[in-house]
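Written below as structure tokens is the structure these notes are about.
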Amino acid sequence: MSFIYVFIGGGLGAVARYWISLCIRTNSNGFPWATLSANLVSSFILGLLLGLVINKGLSNNQQLLLMTGFCGGFSTFSTFSMEAFTLFRGGHIVTASVYIVSSVLICLIAIGLGVLLTSRYK
């Protein structure tokens, strides 16, 4: 039964990711804003959920549906890696470097912010 929760959550996360890619286009310098946005939002949601697990608890099925499934389907580490590689390969060293550093820092901050926001509701 746990596979069903991951399957449903993953499908919903993938659809949310696709929707973001339709709404946010890459600009003329090639910076992948849609992927950065999806990773930021997914990290923030995952931080909120992690805070709930730490402070209040989510059932195992809720964790599978929302954390493993939805956030796993929504976040885009493989796309992030491919885009960074493509930018490096195309000679856009500064853009690639800014993308990598900003992605890692912004997503870490988003997770921390999510945990912080839910820690107030003990």
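Observations on the model:
- Enumeration of residues in the stretch 74-114 that are in contact with a Lys or Arg (Cβ under 7 Å, 6 or more places away or on another chain) and not β-branched (Val, Ile, Thr): PHE74
- Residues that are of a type in the set (Ser, Thr, Tyr) and more than 14 Å from the chain's Cα centre (by Cα) number at least 2 in the following helices (runs of 4 or more DSSP H) confined to the stretch 16-122: 93-119.
FYI, it's all coordinate maths here, none of it is from the lab. Every value quoted in this text rests on a predicted model; they were computed, and no experiment measured them. Note that we place each Cβ from the backbone using ideal geometry, even for glycine, and neighbour counts take in every protein chain shown.
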